[in-house]
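Enquirer: There's a structure below that I have some questions on.
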Amino acid sequence: MAAESAGESGRVLDEGDGVELLAYLVTAARTQVDEAAEYAPMRLLTAAGRLAEMAEPAASASLRPLLREIRQGVSETAVQAGDPAGYVDRLDALCRTVAEYLMRSLGLDTSP
Amino acid sequence: MNDAVLQAIRTRRVARALTDAPVGHEQLRTVLDSARYAPHAGNRRLHRYVVVTRPSLLRAVRMVSPGMLQRPMAAIVICVDWAQVHNYGFAPANPGPYIDVGTAAATLLLAAHSIGLGAGPVTSFSRTALATILNLPAGVRPELIICLGHAATEQPPAMRRRGGSSWDDLIQWERG
């Protein structure tokens with residue numbers, strides 16, 4: 001990432017964490033075949049939350065706020081039923097947070 | 001009137017966050033033993049119960065269980081012995097074995113609550129992966145996991161759905 005100083009960016013997951021996330025994603029693909037469609041985004045968000053939790057201890061100072069925001073913004077029990085518009089709004093807010101981080105970290109926020 | 005049972009039913013909650021305080025062996029035996037008293041049609045003993053307490057095994061179980069939000073200190077996996085179900089003469093579509101998984105699960109959850117443990121059921125897991133991890137005999141399929149531990153003070157929000165039916169809407173008295 002362009003905005004990271006040397007030595008600040010690097011490996012944020014150990015092999016065990018990587019395997020844990022891998023197992024989660026593969027088995028979630030299988031369980032989702034039998035589950036309600038509204039669970040699909042919830043499972044993806046749980047994976048994002050777990051990834052953020054795993055990465056945070058070794059993450060750079062500039063990345064850590066994003067990881068915290070993702071962990072706080074992810075509710076592992078949130079589903080869209082009953083409030084689809086509000087649910088989409090919350091997901092859009094998370095997407096905006098990620099996009100803003102990308103802009104900063106890639107140095108795109110200062111270029112024309 | 002002694003309403004301890006009703007009180008237990010009304011105060012039990014699914015624990016989606018657990019502390020790292022251990023579950024004692026006697027506590028585990030007490031919870032496990034309660035399943036003997038769960039209503040099972042015909043008392044046929046078609047179910048198997050696998051107890052998991054080893055941290056590394058619990059971690060592996062959680063890895064293949066996307067619905068397991070909590071990190072349990074112990075788990076009881078309720079399995080159906082489908083070979084026995086077949087021998088008993090059940091048609092494959094008969095829901096009886098699944099219904100009895102439910103009665104066992106409800107009883108285990110209440111038993112855990114009664115001795116101050118936090119517990120939560122999980123059905124979202126890979127049956128194939130879990131059977132492999134637990135080295136289950138052929139024909140024995142895991143159907144539900146009861147996570148056990150001590151409930152954390154802070155819990156993830158419950159799944160709440162706005163609108164929809166009220167409780168009374170779901171009940172029919174006599175003929176419709």
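Enquirer: In the range A:70-86, what residues are without any contact (Cβ under 8 Å) to a residue 24 or more places away in the chain and surrounded by 14 or more Cβ atoms within 10 Å (Cβ to Cβ)?
Expert: Once the filter is applied, which keeps residues that are without any contact (Cβ under 8 Å) to a residue 24 or more places away in the chain and surrounded by 14 or more Cβ atoms within 10 Å (Cβ to Cβ), the range A:70-86 yields A:Arg71, A:Asp83.
Enquirer: Further question on the same structure: Within the range B:76-91, take every residue that is buried (at least 20 other Cβ atoms within 10 Å of the Cβ) and either modelled with pLDDT under 90 or touching a strand residue (DSSP E or B) at 6+ places or on another chain (Cβ under 8 Å) (or both) and give me the one that is farthest from B:Cys147 (Cα to Cα).
Expert: Checked the range B:76-91; the qualifying residue farthest from B:Cys147 (Cα to Cα) is B:Asp81.
Enquirer: Continuing with this model, one more query. Looking at (1) over 20 Å from A:Arg11 (Cβ atoms); (2) within 9 Å of chain B (Cβ to nearest Cβ), which one does A:Ala47 not meet, given that it meets all the others?
Expert: The one condition A:Ala47 does not meet is (1).
Enquirer: Among (1) in a helix (DSSP H, G or I); (2) farther than 22 Å from B:Leu69 by Cβ, there is one condition A:Ser62 misses while meeting the rest; what is its number?
Expert: Every condition holds for A:Ser62 apart from (1).
The values are calculated or read from the model by the stated rules, or taken from the named source; none is laboratory data. Just so we're clear, the structure is a prediction, and the values are computed from it rather than from any experiment. Ideal geometry is used to build each Cβ from the backbone, glycine not excepted, and the neighbour counts take in all protein chains shown.
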